[in-house]
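**Q** Please find one structure pasted underneath; my questions will follow.
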Amino acid sequence: MVCISETQNDRYINEDINEENLNPTALLQVRNLTVSVNKDGNIFKILDNISFNIEEGEILGLAGESGCGKSMTALSIPNLLPHGISITEGEIIYKNRVISTLNEKEMRSVRGSEISIIFQDVRQSLNPLVRAGRQITETLEIGGSKNKAENKAAALQMLSSLGFDKPERIFNGFPHQLSGGMCQRVMTAIAAIRRPKLLLADEPSSSLDEESQERCMSLLKDMNEKYKMSLLIISHDLSIIHKFTNRYLVMYAGKIMEEGSSRELFSPLHPYTRALVKAMPGKEKKGSVLENIPGKIPSVEDRASGCPYAPRCRKAQDICRRTFPDEQITGNRKVYCHFPETEEANE
């Protein structure tokens, strides 16, 4: 788990921010963000000029296939990008303070309880030599809570809330003694126990069975409502995005394709979002052949100009291959498509 806390030190304020462009109600603002990788001296864009806000108390969903850039989006916020990958354009603003320009030493000095992250690869995130309970209580100690009995009680309560019938056994267990789903819930406990202002959850329920998935997501939603915790929920499962988030973003090949209210997710405007919806499994589709999306996501080396989805899109025309579309606003939704879907197409 990694956290970021607000600092009162004025040197962390970017004097070049145009305050007129700041959203006073947004907890987090990602503006024109480009994240790139250096491969043998060649620079390739992983995230390409993306912008979005997360409001205080909001749950924002981020959807798309594996390899679309969802995890890199989450890792860029606390500046945890892997070696060789860096922010090359744009900025990340938390509580109207730029955090993307801080060096690692400065970033460590401001990390605390404001922003937490649930990593997708929980096996790599948990220390295999330390009991699960100790990893949870250590998080509380870092935040200043030194009462061991109270810390243990809080950890056991959190584990119980996450669906463990015998939380004491999990508390005393090592990660290798736990299943992948159990480790996922332990990681959720570590990230959420200090009640951060913003929680970045990268596939928080992907390793869980249906019952545990529902319990885990319900707990996060309860914390959102009780503590006004803002959430970024990353998931390839559109049903999770639809049920547990307020707004959604759909990403493809490092670009945002569509943004809107989650209640409208299943009536999408972008052909890619529509293809994802039609490919969803569900009880009502039992026994029928699911539609698939032909082709594959282009690698960072193979991304050409224009719309990256054009090679797989049934509606693509020459302009799609030449030029990435401008933002189109329909009601409270944004779509980046030359030929967006109509309401009739979604019926």
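Rule-based calculations on the coordinates, nothing more; no lab input. Values in this document were obtained by computation on a predicted structure and should not be read as measured data. Neighbour counts run over all protein chains shown; Cβ positions are idealised from the backbone, glycine included.
**Q** Find all pairs meeting these conditions: Cβ atoms under 7 angstrom apart; at least six residues apart or on different chains; first residue within the range 186-211 and closer than 22 Å to Asn151 by Cα; second residue buried (at least 22 other Cβ atoms within 10 Å of the Cβ) and among the acidic types (Asp, Glu).
**A** Pairs that qualify, where the first residue is closer than 22 Å to Asn151 by Cα and the partner is buried (at least 22 other Cβ atoms within 10 Å of the Cβ) and among the acidic types (Asp, Glu): there are none.
**Q** Consider Met229 against the criteria (1) of a type in the set (A, V, I, L, M); (2) within 17 Å of Ile118 (Cα to Cα); (3) touching a strand residue (DSSP E or B) at 6+ places or on another chain (Cβ under 7 Å); (4) crowded, with 24+ Cβ neighbours inside 10 Å: it satisfies all of them except one. Which criterion is unmet?
**A** (4)
**Q** Considering each of Val335, Val289 in turn, give the residue that is in contact with a strand residue (DSSP E or B) (Cβ under 7 Å, 6 or more places away or on another chain) and β-branched (Val, Ile, Thr).
**A** Val335 is the lone residue from the list that is in contact with a strand residue (DSSP E or B) (Cβ under 7 Å, 6 or more places away or on another chain) and β-branched (Val, Ile, Thr).
**Q** Something else: List, please: which pairs have Cβ atoms under 8 Å, are six or more places apart or on different chains, and start with a residue in the range 28-49 that is of a type in the set (A, V, I, L, M, F, W, C) and end with one that is loosely packed, with under 15 Cβ neighbours inside 10 Å and not in a strand (DSSP E or B)?
**A** Correct list of pairs: Val37/Gly84; Phe44/Glu301.
**Q** Can you confirm whether Leu129 is surrounded by 13 or more Cβ atoms within 10 Å (Cβ to Cβ), among the hydrophobic types (A, V, I, L, M, F, W, C), outside any helix (DSSP H, G or I) and at negative phi?
**A** So Leu129 fails the test.
**Q** Scan the range 250-277 and report the pairs whose first residue is small (Gly, Ala, Ser) and whose second residue is surrounded by fewer than 22 Cβ atoms within 10 Å (Cβ to Cβ) and assigned to a helix (DSSP H, G or I), with Cβ atoms within less than 7 Å and a gap of 6+ or a chain change.
**A** Sorted first by the residue in the range 250-277, then by its partner, the pairs are Ser262/His242; Ser267/Asn346.
**Q** Also: Of Ser239, Ser207, which residue is surrounded by 18 or more Cβ atoms within 10 Å (Cβ to Cβ) and under 18 Å from the mean Cα position of the chain (by Cα)?
**A** So the residue among Ser239, Ser207 that is surrounded by 18 or more Cβ atoms within 10 Å (Cβ to Cβ) and under 18 Å from the mean Cα position of the chain (by Cα) is Ser207.
**Q** Answer yes or no as to whether Gly282 is in contact with a helix residue (DSSP H, G or I) (Cβ under 9 Å, 6 or more places away or on another chain), of a type in the set (Gly, Ala, Ser) and within 30 Å of Gly84 (Cα to Cα). It would help to see each step written out before you state the result.
**A** Details: in contact with a helix residue (DSSP H, G or I) (Cβ under 9 Å, 6 or more places away or on another chain): yes; of a type in the set (Gly, Ala, Ser): yes; within 30 Å of Gly84 (Cα to Cα): no.
Judged against the criteria, Gly282 is not a match.
**Q** I would also like to ask the following. Looking for something assigned to a helix (DSSP H, G or I) and either surrounded by fewer than 21 Cβ atoms within 10 Å (Cβ to Cβ) or on the phi > 0 side of the Ramachandran plot (or both) - is there at least one such residue anywhere in the range 284-299?
**A** Of all residues in the range 284-299, those assigned to a helix (DSSP H, G or I) come to 284-285.
Those still in the list that are either surrounded by fewer than 21 Cβ atoms within 10 Å (Cβ to Cβ) or on the phi > 0 side of the Ramachandran plot (or both) too: 284-285.
Looking through the range 284-299, at least one residue is assigned to a helix (DSSP H, G or I) and either surrounded by fewer than 21 Cβ atoms within 10 Å (Cβ to Cβ) or on the phi > 0 side of the Ramachandran plot (or both).
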